[in-house]
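**Q** There's a structure below that I have some questions on.
The values are calculated or read from the model by the stated rules, or taken from the named source; none is laboratory data. Only a predicted model underlies this, so the values are computations on that prediction, with no experimental measurement involved. Heads up, the Cβs are rebuilt from the backbone with ideal geometry, glycines too, and the neighbour counts pull from every protein chain shown. Calculation scope for accessible area: heavy atoms of the full protein, side chains included, ligands and nucleic acids excluded. Shrake-Rupley method; radii C 1.70, N 1.55, O 1.52, S 1.80 Å.
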Amino acid sequence: MKPMTYHKQLVPTDILEGFEVRPGFFDVNGATALSDGVCFTIHSQGATSCELLLYYPYEEEPYAILKYPENYRIGNVFSMIVFGLDVKKFQYAFRLDGPYNPQKGLLFDKTRPLLDPYAKAVIGHSKWGQRQANGYRGRVVRNNFDWGKTKPSIIPMEDLIIYELHVRGFTNSPTSGVTFPGTFHAIMEKIPYLKELGINAIELMPIFEFDEMRDYRVVDGHAVMDYWGYNTVSFFAPNTSYASDSEGNHVGRELKTMIKALKDNGIEVILDVVFNHTAEGDANGPFFSFKGIDNNIYYMLTPDGKYYNFSGCGNVMNCNHPIVRNFILDCLRHW
């Protein structure tokens, strides 16, 4: 896919904190790389104002805070193109202001940086078992991977021989004999083994960005983590700790390269996807994205603002709501 371009009339119209900006594409959620800038769009039904935070990689404080002008909002959508940004040289987050009334499920806090729920790459947890002190931030990536002649699935469902695997667990043992244990790259190295078994499809346990440290504890001298990946942090971003190199957007390229290699060898790829809860948990859980964007929309709440826990994981996504349904459909289309 070619990078998005804009017509000649889409030129800067304003200067904001020294940056050339203009209203963006209100129907394209998340951060979209353009030929000469980035469009940042976020939807919030309850927010009264929005700020875009730009960080140098791994820095604690933002180097720029851009508040969306009033005319950069249509309905419940804030959208702004910032010109001249190099996607390799910054990370981003949002801050939303709005009413704070926990009994009504409203938790807006203008001091909290929020992870873009549509972020295609995430920083904050790049190495397995280690958490970055500065929290989660998004990265902007270009959708320019060359799939070559890779073809769509053609194997009938009744003919699939499926091998379910955990990306880390499949190759993390030294006996796997791979160069980068526990990564997407390692699965590519095991393709001959999978073919020898007669496998023609692999089902990957969750590969979205998740937090294995959420329930970290030490039991009988052994570190225990939330291993399987069902605590989703970001539904659009591949798990950074599954990449052999965490710099840049290597994780996205490595995942796509792995899928291409598997399909080129006659092995289909199935993703295990869980939309019924998130890693934010209940009122005692972390606060990094949905809670600060529209807590009372993304989650099912009791009449007094507490979290229903039908999932057994602290919260339940409110999939009956059209905003959440659209989010899920956007995610499925993306993958």
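**Q** Starting from 0.36 nm per residue, how many nanometres of slack lie between Glu20 and Asp264 once their C-alpha separation is accounted for? Show your work: numbers first, answer last.
**A** On the way: separation 244, 0.36 × 244 = 87.84 nm, distance 4.40 nm.
So the extension gain works out to 83.4 nm.
**Q** Taking K and R as +1 and D and E as -1, what net charge do the other residues with C-beta under 13 Å from the C-beta of Leu16 add up to? Present the calculation step by step, with values, prior to reporting the outcome.
**A** Details: positive: Arg22, Lys67; negative: Asp14, Glu17, Glu20, Glu51, Glu70.
With Lys, Arg at +1 and Asp, Glu at -1, the net is -3.
**Q** Still on this structure, I have one more. At what distance in nm do the modelled label points of Glu196 and Thr48 sit from each other, each positioned 7 Å from its Cα along Cα→Cβ?
**A** 6.6 nm
**Q** Taking H placed 1.01 Å from N in the peptide plane, check which residues at least 5 places from Ala64 or on another chain put their amide H under 5 Å from its amide H.
**A** Leu54
**Q** Same structure again: Could you compute the longest span of the chain free of GluC sites (Glu not before Pro) located in DSSP loops and having at most 15 other Cβ atoms within 10 Å, not counting the site residues? Working shown, then result.
**A** Values: sites that count: Glu17, Glu59, Glu60, Glu247.
So the longest stretch without any such site is 61-246.
**Q** Also, I was wondering about something else. Can you tell me the 0 to 90 degree angle between the C-alpha axis of helix 250-264 and the longest principal axis of the chain, rounded to 10?
**A** The answer is roughly 40 degrees.
**Q** Same structure again: Based on the alpha-carbon gyration tensor of region 137-223, what equivalent-ellipsoid semi-axes (square roots of 5 times the eigenvalues) come out, in whole Å, largest first? Intermediate results must be reported in sequence, preceding the final value.
**A** Numbers: eigenvalues 154, 87, 42 Å².
Those come to 28, 21, 15 Å.
**Q** Going by amide H atoms built from the backbone, whose H comes under 5 Å of the H on Glu268, apart from near neighbours?
**A** Amide H to amide H, under 5 Å and 5 or more residues apart or across chains, Glu268 pairs with Ala201, Ile202.
**Q** Once you've got the GNM for the chain with C-alpha springs shorter than 10 Å, pick whichever of Cys39, Cys313, Cys50 has the biggest mean-square fluctuation.
**A** Cys313
**Q** Which of Lys120, Lys260, Lys195 moves most in a GNM of the chain, Cα contacts under 10 Å?
**A** Lys195
**Q** Straight-line reach from Lys306: which aspartates and glutamates fall under 12 Å, measuring Cα to Cα and dropping same-chain residues less than 8 apart?
**A** Result set, ordered by chain and number: Asp282.
**Q** Another question about this same structure. Output wanted: per-residue J couplings in Hz (rounded whole) for region 301-312, from phi through Karplus 6.51 cos²θ - 1.76 cosθ + 1.60, θ = phi - 60°, x for Gly and Pro.
**A** 10, 6, x, 9, x, 8, 8, 5, 10, 5, 7, x
**Q** Please turn the phi angles of region 176-190 into ³J(HN,Hα) values with the Karplus equation 6.51 cos²θ - 1.76 cosθ + 1.60 (θ = phi - 60°), one per residue in order, whole Hz, x for glycine and proline.
**A** Per residue, the Karplus-derived 3J(HN,Hα) values read 5, x, 9, 6, 10, x, x, 10, 4, 4, 5, 5, 4, 5, 9 Hz.
**Q** Then there is this: Helix-only estimate, please: 222 nm mean residue ellipticity of the chain, summing -39500 (n - 2.57) across DSSP H runs of length 4 or more and dividing by its residues, to the nearest 500.
**A** Values: 6 runs with 55 residues, N = 335.
Value at 222 nm, helices only: -4500 deg cm²/dmol.
**Q** Using every Cα-Cα pair within region 55-160, state what percent have a distance larger than 18 Å. Working shown, then result.
**A** Numbers: 3618 of 5565 pairs.
Cα-Cα pairs of region 55-160 separated by over 18 Å account for 65 percent.
**Q** Between Met80, Met258, Met225, which gets the highest mean-square fluctuation from a Gaussian network model of the chain, Cα cutoff 10 Å?
**A** Residue with maximal mean-square fluctuation among Met80, Met258, Met225: Met225.
**Q** Express the carbon and sulfur contribution to the solvent-accessible surface of region 40-123 as a percent, rounded to the nearest whole number, probe 1.4 angstrom. All intermediate terms of the calculation are to be shown ahead of the outcome.
**A** On the way: 1770 of 3670 Å².
About 48 percent, which is the carbon plus sulfur part of the accessible surface.
**Q** What residues qualify as long-range amide H neighbours of Ser234, i.e. H under 5 Å apart, gap of 5 or more or another chain, H built at 1.01 Å from N?
**A** Glu209
**Q** Taking K and R as +1 and D and E as -1, what net charge do the other residues with C-beta under 12 Å from the C-beta of Glu203 add up to? The partial results should precede the final answer.
**A** Values: positive: none; negative: Glu164, Glu268, Asp272.
Net charge in that neighbourhood comes out at -3.
**Q** Something else about it: Output the pairs from Lys195/Lys260; Lys120/Lys149; Lys104/Lys291; Lys88/Lys120 with a Cα-Cα distance over 21 Å in this structure; if there are none, say none.
**A** Going by Cα-Cα distance, Lys120/Lys149 fall outside the 21 Å limit.
**Q** Hand me the trypsin sites (Lys or Arg not before Pro) from region 136-166 located in a DSSP loop with no more than 15 other Cβ atoms within 10 Å, in residue order please.
**A** On the way: sites: Arg137, Arg139, Arg142, Lys149; in loops: Arg142, Lys149.
Qualifying residues, ordered by number: Lys149.
**Q** Give me the 1.4 Å probe accessible area per residue for the chain, excluding ligands and nucleic acids, in Å². It would help to have the intermediate numbers written out before the result.
**A** Details: 16270 Å² over 335 residues.
Ligands and nucleic acids excluded, the figure is 49 Å² per residue.
**Q** Less than 13 Å Cβ to Cβ from Thr257, Lys/Arg counted +1 and Asp/Glu -1: what total charge do the surrounding residues give?
**A** -1
**Q** Between region 130-197 and region 61-111, how many Å separate their Cα centres?
**A** Distance between centres, Cα-based: 34 Å.
**Q** Ok, one more. Once the piece of chain linking Leu271 and Thr179 is laid out straight, how much longer is it, given 0.36 nm per residue of separation minus the C-alpha distance between them? Mind dumping the intermediate values first?
**A** On the way: separation 92, 0.36 × 92 = 33.12 nm, distance 2.40 nm.
Here the answer is 30.7 nm.
**Q** Could you give me the ³J(HN,Hα) list for region 278-294, computed from phi with Karplus coefficients 6.51, -1.76, 1.60 and θ = phi - 60°, whole Hz, x at Gly and Pro?
**A** 10, 6, 6, x, 8, 4, 8, x, x, 9, 9, 8, 4, 4, x, 9, 7
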